[in-house]
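Report on the following structure.
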Amino acid sequence: MIADNLKIVRSTITCAAKNCGRNPDDIRLVAVSKTWPVEAIKEAMAAKQFLFGENYIQEMENKFAVLGQDAQFHFIGHLQSNKASVAARMFTMIETVDRIKLARKLNDHLLELGKTMDILIQVNIGNDEQKFGVSPENTESLVREVSSLTTLHIRGLMTMPPFFDDPEKVRPMFRRLRNLAEAIKKKNLFYDNNKVEISMGMSHDYQIAIEEGATLVRVGTAIFGSRS
Ligand SMILES: *Cc1c(COP(=O)(O)O)cnc(C)c1O
């Protein structure tokens, strides 16, 4: 079931990439396993999926105790500053850094651990009051501030736009995030400006996100089923 779904999602990614002249290898699938048990993750791993997304620290601690480093996890939820140290230990990337206070906390803990961490800056691309993230207007200055913290490697930008029934409505927002990433890349502000990550697109709109330049798509429901 999960293996079949993964097959479908992977071929959809490949088709979407080819249709818009992109290399499918430039797009990584983050399987969003929040609320699903370790068994579901193991099923996906048996089908060669080793990159997952999780939203909740407590839930991740239980999964990490079982899975350890056998898979890679990106944190995609809202991170409270007091959870920064646990997060720094368990995740290979934190996609949702959206304020300097959190970045400083992460940096402090990473200095203690003697580690560096790949991060994305979460942008509230729709300026939606319901959503977390730095405003598009303030993104560049946050990138400048965060990049002075030596343990944090800013790989790119992430967004979670408002939900629309018609996924075409979200296309302009995906395009805006990509343009913002391009502008910041031109100023050489990312850790590696030759390889800038753009995390956008979920189960109902990842094809559109790929057409608009996503390098990371975060897909949950289409792989694991609907969350209760
Ligand atoms: C839950 C979640 C997803 C996955 O959403 P689906 O619609 O299940 O694919 C992606 N990104 C974030 C930030 C999420 O919280």
Check: What pairs come up if the first residue lies in region 175-196 and is β-branched (Val, Ile, Thr), the second is in a loop (DSSP other than H, G, I, E, B), and their beta carbons are under 6 Å apart, counting only those six or more places apart or on different chains?
Finding: VAL196/PHE190
Next item on the list: Kindly indicate the residue of region 42-83 that is of a type in the set (Val, Ile, Thr) and within 22 Å of LEU120 (Cβ to Cβ) and also nearest to the ligand (Cβ to nearest atom) among those meeting that condition.
Entry: ILE76
Next item on the list: Look at region 210-222 and say how many of its residues are surrounded by 20 or more Cβ atoms within 10 Å (Cβ to Cβ) and near the ligand (Cβ under 8 Å from one of its atoms).
Entry: 3
Next item on the list: Read through the list (1) in contact with a strand residue (DSSP E or B) (Cβ under 7 Å, 6 or more places away or on another chain); (2) of a type in the set (Lys, Arg); (3) within 12 Å of the ligand (Cβ to nearest atom), then give the number of the only condition that ARG227 fails.
Entry: (1)
Note to self: Can you pull out every residue in region 161-179 that is at pLDDT 95 or above and of a type outside the set (D, E, K, R)?
What the structure shows: VAL170, PRO172, MET173, PHE174, LEU177, ASN179
Checklist line | Tabulated pairs, region 79-98, first farther than 16 Å from GLU61 by Cβ, second of a type in the set (S, T, N, Q) and not in a helix (DSSP H, G or I), C-beta under 6 angstrom, 6+ apart or interchain | finding: GLU95/SER199; THR96/GLN122; ASP98/GLN122
Item checked: Selection from region 31-50 of residues that are under 25 Å from ASN82 (Cα atoms) and under 14 Å from the mean Cα position of the chain (by Cα) -> VAL32, SER33, LYS34
Next item on the list: Determine if region 131-149 includes at least one residue that is within 14 Å of the ligand (Cβ to nearest atom) and at pLDDT 95 or above.
Entry: yes
Check: Taking the stated definitions as given, is ILE125 within 14 Å of the ligand (Cβ to nearest atom), in a loop (DSSP other than H, G, I, E, B) and in contact with a Leu (Cβ under 8 Å, 6 or more places away or on another chain)?
Finding: yes
Notebook entry, point to check: Just checking, how many residues over region 72-95 are out of contact with any His (no Cβ under 9 Å at 6 or more places or on another chain) and of a type in the set (D, E, K, R)?
Noted result: 1
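This table checks each residue for (1) on the phi > 0 side of the Ramachandran plot; (2) charged (D, E, K, R); (3) without any contact (Cβ under 8 Å) to a residue 24 or more places away in the chain; (4) in a loop (DSSP other than H, G, I, E, B).
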site: LEU6; (1), (2), (3), (4): no, no, no, no
site: GLY21; (1), (2), (3), (4): yes, no, yes, yes
site: ALA31; (1), (2), (3), (4): no, no, no, no
site: TRP36; (1), (2), (3), (4): no, no, no, yes
site: ILE41; (1), (2), (3), (4): no, no, no, no
site: PHE52; (1), (2), (3), (4): no, no, yes, no
Check: Which residue pairs have Cβ atoms closer than 6 Å, lie 6 or more positions apart in sequence or on different chains, and pair a first residue in region 216-228 that is farther than 24 Å from ASP118 by Cβ with a second residue that is surrounded by fewer than 24 Cβ atoms within 10 Å (Cβ to Cβ)?
Finding: THR221/SER203; ALA222/VAL9; ALA222/SER203; PHE224/TRP36; PHE224/ALA40; ARG227/THR35
Margin query: Scan region 198-209 and tell me whether some residue there is farther than 29 Å from ARG144 by Cβ, charged (D, E, K, R) and within 13 Å of the ligand (Cβ to nearest atom).
Written below: yes
Check: Would it be correct to say that THR139 is among the polar types (S, T, N, Q), out of contact with any Phe, Trp or Tyr (no Cβ under 6 Å at 6 or more places or on another chain), in contact (Cβ under 8 Å) with a residue 40 or more places away in the chain and assigned to a loop (DSSP other than H, G, I, E, B)?
Finding: no
Item checked: Residue match in region 149-169 (condition: surrounded by fewer than 21 Cβ atoms within 10 Å (Cβ to Cβ), in contact (Cβ under 8 Å) with a residue 40 or more places away in the chain and polar (S, T, N, Q)) -> yes
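The values are calculated or read from the model by the stated rules, or taken from the named source; none is laboratory data. Just so it is clear, the model here is predicted, and its values are computed rather than measured. Cβ sites come from the backbone with ideal geometry, for glycine too, and all protein chains shown count toward neighbours.
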